[in-house]
1. Out of the residues in segment B:311-333 that are within 14 Å of another protein chain (Cβ to nearest Cβ) and outside any loop (DSSP other than H, G, I, E, B), state the one that is surrounded by the fewest Cβ atoms within 10 Å (Cβ to Cβ).
2. Of (1) over 23 Å from A:Val75 (Cα atoms); (2) part of a helix (DSSP H, G or I), A:Thr134 satisfies all except one. Which?
3. Would you confirm whether any residue within segment A:328-336 is surrounded by fewer than 19 Cβ atoms within 10 Å (Cβ to Cβ), part of a helix (DSSP H, G or I) and more than 14 Å from every other protein chain (Cβ to nearest Cβ)?
4. Within the set of pairs 6 or more residues apart or between chains, which connect a residue that is more than 19 Å from B:Trp57 (Cα to Cα) inside segment B:246-262 to a residue that is modelled with pLDDT under 95 with Cβ atoms less than 7 Å apart?
5. List pairs: first residue in segment A:200-223 and without any contact (Cβ under 8 Å) to a residue 40 or more places away in the chain, second residue in a helix (DSSP H, G or I) anywhere in the structure, Cβ distance under 8 angstrom, at least six positions apart or on different chains.
6. Does B:Glu264 satisfy the condition of being surrounded by 13 or more Cβ atoms within 10 Å (Cβ to Cβ), away from chain A (no Cβ under 14 Å) and part of a helix (DSSP H, G or I)?
7. Restricting the search to segment B:337-382, which residues are away from chain A (no Cβ under 14 Å) and in a loop (DSSP other than H, G, I, E, B)?
8. Out of all the residues in segment B:180-203, which are basic (Lys, Arg) and free of Cβ contacts under 8 Å to residues at least 12 places away in the same chain?
Amino acid sequence: MLLLLLLLPLAAALAMIVAPPGRWPRRLALVIPGLQLLLMVRMAVQPAADLRLEWLPQLGLDFHLGQDGLSLPLVGLTALLTLMAVAATSLETPRQRLFFSLVLITNLGLQGALLARNGLLFVIAFELILVPTTLLIAIWGHERSRQAAIRYLLFGAVSGVVLLAAVLALDLLNANGFSLAYDDMATAVLPEGSKVWILGLLVLAFGLKLPAVPLHGWQPLAYSEASSPVAMLLAGAVSKLGAYGLLRFGVGFMGDTWEAWAPLIAVAGTAGAVYGALNAIAQTDMRRLVAYSSLGHMGLLLLALAAATPLSLQGAVAQVLAHGVISSLLFCVVGLIEAKTGTTEIAELSGLLNPLRGLPFTLGMFLLALIAAAGLPGMVGFVAELVVFQGSWTVFPLPTLGCLFASGLTAVYAIRLFNRVGFGKLDNAKAFYPATTWGERLPALVLSALVLVGGLWPPLTLGWSESVTATLARHQPLIASLPAPSILQELPS
Amino acid sequence: MTVLTAKLTALPPSTHPFAEVVQRLEAGGSMLPDSPENLMQIIGIYKAYAVPMDFYWRDLLYIAERVFLNPLPAFKYFPSQEYLDLPNSYAGETADLRIWRGEAGAHPELLEFMEKGETRRMPKLLHHLWHDRINMEFAEACMDAMFWHQGMGGRFYDYLESDTYKANADRAIKAYFKGNPLMLGLHKLFPEMFLEQVRKLSYYANLGLFWEVMAPVFFEMSDIYDEGGFSGVPAAMDFLVNGIFAVAGRPIYHHVYINGECLEIIPKSEGFTWLYEAALPYVEAVFYRTAPFRGTKSYNAQAGQVPADQADFHYGILYADVFPVGSAGIPPTLLMQDMVHFLPPYLKEIYLQHRRGEEDQLIQLGITFQRSMYNVTSAVIQALRAALFYPLDDPDPEHLLANRRFFESQMDRFLRPEARLRDVQTQDYR
């Protein structure tokens with residue numbers, strides 16, 4: 001079953017070469033993540049056994065796949081967002097076979113990294129994502145897409161090299177012997193002096209991927225210059241690999257050293273949250289606003305990871321899932337608005353809530369995504385942020401307050417944007433916009449439904465990772481002394 | 001064609017920004033370009049407008065004459081059968097001047113709609129509450145605009161301040177509240193209160209009598225078009241000009257029926273006529289001026305968005321932004337909703353082919369209405385030119401120049417950026 005998850009996108013990506021032009025590439029690209037979702041549901045009900053095949057033993061490389069509460073929800077998220085990104089792709093997109101095959105290769109890389117149980121296999125999958133995503137940005141992006149792609153490639157390449165160095169160091173310096181299997185990496189005995197800098201390399205590698213401030217140089221440009229389906233994948237799934245890596249390699253494998261870096265990560269997270277929110281307020285373009293909003297929310301994620309309490313880590317996984325859905329929804333809706341109005345410049349848009357000539361349904365979903373990002377109760381963002389703040393408060397009270405403040409700023413740019421774009425008069429000279437069709441709305445509708453369902457039923461985001469995050473947590477005793485939050489009492493054991 | 005050639009040789013071309021439109025008016029045309037689609041649109045909308053208008057004028061007269069000062073006029077939008085059967089003075093066998101060849105009673109499509117609406121047969125009150133009805137709110141907004149904007153020519157408004165009018169109104173007020181010491185006491189304490197309401201009711205009558213003429217005019221135009229009778233937009237405009245002159249002298253009055261007795265608040269003998277006391281103030285108030293839409297747009301008076309002088313108001317249909325139609329609080333939305341029930345099939349077909357089809361039909365319809373009202377305004381401008389200036393084929397260049405100055409002065413009113421005259425020159429504006 002695990003192998004099938006990877007074979008499906010690989011086979012489909014290859015099949016794209018011989019697929020007849022027209023609608024077949026799109027249909028094929030829709031079927032694959034759909035099947036992955038079904039497999040993921042099956043795996044949730046009946047966990048799949050590890051798959052272990054020897055590959056290059058002299059390099060320590062095994063084809064070792066496995067699932068746990070950390071990887072499974074992200075496998076589902078990746079499949080879902082791939083499906084939504086394909087569904088949100090315009091029928092008029094040029095060179096569709098190449099586009100969808102690159103999307104599927106990205107999916108393959110993501111699923112491979114999430115299911116990998118071998119350090120080198122993870123690095124290979126991690127690197128595999130870089131090339132297709134770079135091409136997706138460069139070929140199907142906006143005016144400055146080449147510049148964005150080059151910057152993304154450079155940051156990504158550095159991230160990959162640093163990660164490879166960190167993984168190799170982790171194993172070469174292991175007193176128990178060289179092994180790249182996760183189980184061995186988790187129990188590696190390292191020289192005291194090397195632990196801090198190996199963890200530093202991991203933080204740098206995954207911080208670049210996430211991205212975390214101040215390693216975010218590629219992000220606003222890449223998110224704003226990529227086409228909407230690609231931005232949905234980048235913000236919703238690809239960047240989340242950074243969080244997954246920090247959790248798996250940083251907190252998981254280097255747990256006893258984590259506290260050395262945690263304060264710095266917490267401060268970086270807070271700074272990123274405030275910086276992202278303030279920049280979002282200042283933006284005049286919706287794409288860049290959503291990009292900075294995404295950057296800000298990565299700050300909350302970093303805070304939760306830094307705190308590394310059972311609750312905060314559970315919140316981090318929830319935030320990964322929630323933000324994956326919300327940011328994808330935001331980019332999906334912005335793409336729809338751009339497709340219909342021809343612009344994402346805030347100053348050029350107004351009155352889109354007009355019931356007959358505007359885009360009221362689309363704007364409605366946009367509002368839903370914005371208030372979900374602001375953490376309004378009843379939305380998936382609230383569940384994740386509440387648990388992050390609850391979990392982080394005891395360890396990093398001041399950074400938590402800073403992130404709370406930044407979360408409040410989300411409402412500022414959300415209202416500002418919505419007020420300018422949604423209300424006011426439609427421009428008589430320009431506003432002959434075509435309506436959105438139900439087919440175009442469908443991906444955003446599905447994501448909107450998930451935003452609501454996740455808000456009303458917290459186990460959807462919190463229930464997956466409870467046992468894994470509790471094991472990973474570094475501050476178990478501290479948290480154990482506090483009364484259990486009510487939200488956790490409702491979770492299935 | 002002969003007229004156009006003679007005029008072109010007599011005068012150099014106009015240098016007005018709307019020179020093309022001026023030239024068209026000088027050739028006896030309309031502000032609206034002559035195209036088969038424009039003709040189809042304006043006639044189609046005249047038909048769709050005339051059916052609710054047939055209800056408007058009947059109910060306006062019902063309110064002015066029967067509901068009168070009812071302090072709780074909850075059923076003012078439910079005219080009695082007597083008013084639905086009221087013979088139109090310009091239709092049917094008994095008409096003094098038969099403009100429409102149809103019957104004098106309420107239009108059959110109107111009666112059918114009042115019975116079933118767009119939903120299904122149910123009690124009138126449920127149709128009303130569901131807004132599955134003719135919306136009188138638009139008619140009242142037009143009446144309010146006429147009442148509120150003053151100094152639009154004619155003697156009607158000034159008459160409402162005269163002692164004769166006050167005495168007639170006072171008599172009617174006392175007769176209406178006879179045996180009601182509370183209301184009579186209020187009238188004694190606040191003598192202007194009911195008087196002002198009666199003035200407003202006089203405008204109900206004024207507008208009702210105006211629309212009583214326009215409904216059969218539009219019905220007849222629709223029938224002529226269906227028979228293939230109009231050659232183009234100018235021909236349709238000429239029909240309107242002829243209609244205006246034919247009924248120009250129609251008396252405007254306000255009678256009220258209290259306990260079976262007819263009291264004349266504005267008697268016919270005062271000599272108020274349709275063209276000067278109803279048609280021209282209506283065009284000025286409703287087509288040009290009106291007021292900012294309440295509800296969705298907040299006009300900032302301190303920022304100069306609402307002019308201090310009422311004559312500078314330019315929110316009428318000739319200037320209106322119809323894009324907000326469909327939004328809450330926009331009165332024309334109700335008019336568009338009224339018209340949409342009676343659209344002829346060929347107009348529905350046009351709307352389905354453009355923009356968002358059925359989804360934004362109300363806005364497309366609003367823009368068609370705007371086009372058609374530019375044609376009606378053209379008819380009024382031509383009628384005024386005929387009444388006050390010279391024939392279009394006048395051999396005297398001085399007279400032609402006077403005509404041109406008149407046309408140019410009329411076009412000056414559309415130089416404002418919000419005027420839609422430029423927009424309606426192209427078919428892309430939908």
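1. Only one residue fits best here, namely B:Ser327.
2. (1)
3. Residues of segment A:328-336 surrounded by fewer than 19 Cβ atoms within 10 Å (Cβ to Cβ): none.
No, there is no match, as no residue in segment A:328-336 is surrounded by fewer than 19 Cβ atoms within 10 Å (Cβ to Cβ), part of a helix (DSSP H, G or I) and more than 14 Å from every other protein chain (Cβ to nearest Cβ).
4. B:Ala246/B:Leu97
5. A:Leu201/A:Val162; A:Leu201/A:Leu163; A:Leu201/A:Ala165; A:Leu201/A:Ala166; A:Leu201/A:Ala169
6. No: the conditions fail for B:Glu264.
7. Those that are away from chain A (no Cβ under 14 Å) and in a loop (DSSP other than H, G, I, E, B): B:His341, B:Phe342, B:Leu343, B:Pro344.
8. First, the residues of segment B:180-203 that are basic (Lys, Arg): B:188, B:199-200.
Matches in segment B:180-203: B:Lys188 only.
The values are calculated or read from the model by the stated rules, or taken from the named source; none is laboratory data. Worth saying up front: this structure is predicted, and the values here are computed from it rather than measured. Backbone-built Cβ (ideal geometry, glycine too); neighbour counts: all protein chains shown.
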